[in-house]
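Below is one structure, written out as structure tokens, with a few remarks after it.
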Amino acid sequence: MKKYISLLCLLGLTHTIQAQKHGYYYKKHEVGASVQVGLSNLYGHLPFQLNSENKVGYAIGAQYDYFVDPEWSIGFGGQYNMQTIGIYADNIKGQSQKTDWEQDDFRFQYASKGYKESWKVNSVDLPLTVQYRGLKDTDLYVRTGIKYSLTMSSKGTSTWTDLKTSGYFPKYDATLEDPLFAGFGEQEQVERTHDFDLKNRFAWIGEVGLKHSLSEYQTLYVGVYFDLGLNNQSPSVETKAKNIVDYQPVKGDALIYNSSQNSESASFKTYNFGIQLRYSIGL
């Protein structure tokens, strides 16, 4: 009888070792918190001779993963994302045919030595991802998926430096460079704010890096991420502008200061890349 009991114990121990070897015993649930720091930029079309530049962005979030086996998991989570989009132009200028309040036709002209536009966009992000990770204490992991972002706020600020406006009247063969209330003159600096509601965002996201097991229950993920916006977030605006500075035949407020989003050809598509740190606990 003792031989049979010893044999059964040995078989049980062998089965347990084989089960662990094949990953039958693993934590199926993992929850964690993440921090992202990276750069944001535009890759859509910008009107008015404008260019985009990298700006720093931040995100904090929570992540849940369900492991279908020791290496593969399906995850979803939530992030609060704070982005800044930079737009600029040097020596920007333009012209258009206009009619003043006295019904005289003229050519409106503007020139600015510098133009800057900054968009601060805050959103709540909802990612759905698939992750692969190695089984060693320190090993490579890869994550990819899609993300839907709810735009919470989007505020832009435009600044013109050394802005000059004038009007050429062919009827009189004369160029007016003042008064400013009529739309003609020089201004050292002009600043305007824009409160357009940018559309919600779809994105393809990816992440690759190293995971390190801090203990049986705790894991630290350190990696680089990218985030590619798939849809145009430009808002629907009633008036489509053809110039970044425009004229209207109204005494006292003849100049119109537009932004990149006033153009019907504007395309607000963003991409992000940077470093992510995630601390997770297995359950």
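The values are calculated or read from the model by the stated rules, or taken from the named source; none is laboratory data. Please read these numbers as outputs of a predicted model, since none were measured by experiment. Cβ coordinates were reconstructed from backbone atoms using ideal geometry, including for glycine residues, and neighbour counts include every protein chain displayed. SASA here: full protein model, heavy atoms, side chains in, ligands and nucleic acids out. Shrake-Rupley method; radii C 1.70, N 1.55, O 1.52, S 1.80 Å.
Points worth noting:
- 1.4 Å probe accessible area per residue over segment 49-152, in Å²: 52
- With all protein chains modelled, accessible area of HIS45 [1.4 Å, Å²]: 100
- Taking the inverse of the mean 1/r over every pair of distinct Cα atoms in segment 82-133 gives a Kirkwood hydrodynamic radius of 15.8 Å.
- Charge sum, other residues only, whose C-beta stays under 11 Å from GLY86's C-beta, Lys/Arg counted +1 and Asp/Glu -1: +1
- Ellipsoid semi-axes in whole angstrom, largest first, where each is sqrt(5λ) of the Cα gyration tensor of segment 19-164: 52, 14, 12
- When all protein chains stay in place and ligands, DNA and RNA are ignored, the 1.4 Å accessible-area order of PHE48, PHE108, largest first, is PHE48, PHE108.
- Relative contact order (%) - criterion: Cα under 8 Å, at least six apart; region: the chain: 20
- Here segment 150-204 exposes an accessible surface that is 49 percent carbon and sulfur, computed with a 1.4 Å probe and the other protein chains kept in place.
- Dipole moment magnitude, nearest 20 debye, segment 50-185 about Cα centre, only Lys, Arg, Asp, Glu C-beta charged: 180
- Highest mean packing first, where packing is the average number of other Cβ atoms within 10 Å per residue, the peptides 35-42, 61-68 line up as 35-42, 61-68.
- Evaluating kT/(6 pi eta Rh) at 10 °C and 1.306 mPa s, with the Kirkwood radius of segment 201-276 over Cα pairs in the Stokes-Einstein relation, gives 97 µm² s⁻¹.
- The residues packed around THR129, meaning those with a beta-carbon under 9 Å from its beta-carbon, carry a net charge of 0 if Lys and Arg are +1 and Asp and Glu are -1.
- Using the Cα coordinates of segment 92-247, the gyration tensor eigenvalues translate into equivalent-ellipsoid semi-axes of 54, 16, 12 Å, sorted from longest to shortest.
- Over all Cα atoms in the chain, the spread is summed up by Rg and Dmax: 29.1, 121 Å.
- Neighbourhood charge, 15 Å Cβ-Cβ cut-off, centred on PHE202 and excluding it, Lys, Arg +1 and Asp, Glu -1: +2
- Rounded Å value of the spacing that divides the Cα centres of segment 29-70 and segment 101-153: 9
- Looking at segment 234-275, the trypsin sites (Lys or Arg not before Pro) that sit in a DSSP loop and have at most 12 other Cβ atoms within 10 Å of their own Cβ are LYS240, LYS251.
- Fully extending the segment from ASN54 to GLU238, taken as 0.36 nm per residue of separation minus the present Cα-Cα distance, adds 63.3 nm.
- Each helix, a run of at least 4 DSSP H residues, gives -39500 (n - 2.57); summed and divided by the residues of the chain, these come to -2500 deg cm²/dmol at 222 nm.
- Against the main long axis of the alpha-carbon atoms of the chain, helix 2-21 sits at an angle near 10°.
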